1. Taking θ as phi - 60°, what are the ³J(HN,Hα) couplings along the range B:80-88 by the Karplus curve (6.51, -1.76, 1.60), each to the nearest whole Hz, with x for Gly and Pro?
2. Out of all DSSP beta bridges in the protein assembly as shown, what portion is antiparallel? Express it as a percent rounded to 5.
3. Hand me the trypsin sites (Lys or Arg not before Pro) from the range B:39-110 located in a DSSP loop with no more than 14 other Cβ atoms within 10 Å, in residue order please.
4. Rounded, prolate or oblate, given the Cα gyration tensor of chain A, with a/c below 1.5 counting as rounded?
5. Please figure out what share of the DSSP beta bridges in the range A:13-206 is antiparallel and state it in percent, rounded to the nearest 5.
6. Work through the residues other than A:ASN202 whose Cβ is under 14 Å from its Cβ and net out their charges, Lys, Arg +1 and Asp, Glu -1.
7. Is it possible to state the helix-based mean residue ellipticity at 222 nm for chain B, with each DSSP H run of 4+ residues giving -39500 (n - 2.57), the sum divided by total residues, to the nearest 500 deg cm²/dmol? What is it?
8. Quick query: amide H of B:ASP35 versus all other amide H atoms, modeled in the peptide plane; which residues come in under 5 Å with a sequence gap of 5 or more or a different chain?
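Throughout, read-outs are computed from the coordinates displayed, never taken from laboratory work. The shown structure was predicted, so the numbers you read here are calculated from the model rather than taken from an experiment. Note: ideal-geometry Cβ built from the backbone for every residue, glycine included; neighbour counts use all protein chains shown.
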Amino acid sequence: MNQGTAGSGPGKVAIIDGGGANIASLRFALARLGVEGELTANPDAIRTASHVILPGVGAARAAMGRLRQTGLDELIPRLTQPVLGICLGLQLLFEKSEEDDTDCLRILRGIVRRFDPAPGRPVPHMGWNQVVATHSSPLLAGVPDGSYFYFVHSYAAEIGTATVGQAVYGWPFSAVVESGNFVATQFHPERSGPLGARVLDNFLRRY
Amino acid sequence: MVKGVRFRNHEVVGGIIELARRYRDEGADELVFYDITASPEGRSVDRRWITRVAEVLDIPFCVAGGIRSVADAEEVLRNGADKISINSPALAQPSLITELARRFGSQCVVVGIDSREENGAYRVYRNTGDPSKTTFSGLATADWVREVQARGAGEIVLNCMNQDGVRTGYDIPQLQEMRAISAVPLIASGGAGAMEHFSQVFSAAAVDGALAASVFHRGLIHIGPLKAFLRSAGIEVRP
């Protein structure tokens, strides 16, 4: 386990266990950076971690239901260490999702909306798409503007005050958000090649 | 927006990790592993190789072959795959598509369709992994394409059997017809033999990805030069 001091590297990294089946790729991506992520739903383990990752696969309503069951819906907004949401984990930071009309964590202002399929624009939005920085963020340090990242989602957050990077799929949406100690990516950094690894590394070492 | 180059792998475990690394480094956007060790008789399959692939890959990958139940899919996804692809089991039990989509989300659930043109009609075939067992499913391809979407498939890989292995280009007319009725990502498979075939299928059939196996496998086409070619043809690809 990497026991770096604050500012030079992560201490304990907690991955919030939302019950999804596919967390292995994130853990392996962290391992490639020399960091062991602990998959946990234990409030104490999450509270005492140096960095917290809120991953997300599956549906918003089911994910919020699981967070409520364990009281994590109350804990997460009060965390003060760096928190990284990924994919659904980004969407859950907002007020509300159109997916089954779900109330989310309300850490960020805004609504998560559904993509409508259109000719040339199938849903889910699944594949590599370009991310353009709208504000500077340590999360995107060393990432050339317009770089491609891997997306898999049917819902997306509109551009808002927390947006620092956007992508376009029919309409511009929040690809990267940052507000205080909360950052999040709609894309999957763990599946986005070397630049995705850079984003994860930035989260662990620059926050 | 979303274009991919994929391969399908008929190798067994030993070479898989090395191939995964090679294609990753060459710039493949996604890999599909076709697990032919999964027997049609349903004997248990050793899936530990998936974890080893997930450890080295930093791009998405899909596992096809031998997935017949929610439990099979769960094991594949837990081991680190991003997607599962089902073909004959979906024909045998269409409700499996819905069960998988409900449990894991549509984005994980790829339905592979083996389609062949006969007398001017496109028809779905099953058990194409074993030529002696391949039979007509009774379904028209367009009907099945609609049904799998209604049942929750998040992606369709259309393998055009007339083109499979002949390397004379993707089946553009068939892909155009299925593109028009696919609101989910559609991946072209079967027929790639030259770089022009990839640019044709993206521009003429507006597919979301093009899958190829043998041309990459045999080193007839390399992914880096292919992507440079596609970019020069005005097709958007990840560098």
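1. Residue by residue, the range B:80-88 yields x, 6, 8, 9, 10, 10, 10, 10, 4 Hz.
2. Beta bridges within the protein assembly as shown, antiparallel portion: roughly 45 percent.
3. Of the trypsin sites (Lys or Arg not before Pro), the ones in loops of the range B:39-110 whose Cβ has at most 14 other Cβ atoms within 10 Å are B:ARG43.
4. Oblate is the answer for chain A, as a/c is 1.5 or above yet b/c matches or exceeds a/b.
5. Bridges in the range A:13-206 that DSSP calls antiparallel: roughly 60 percent.
6. With Lys, Arg at +1 and Asp, Glu at -1, the net is 0.
7. Calculated at 222 nm, the ellipticity per residue is -10500 deg cm²/dmol.
8. B:ALA64, B:GLY65
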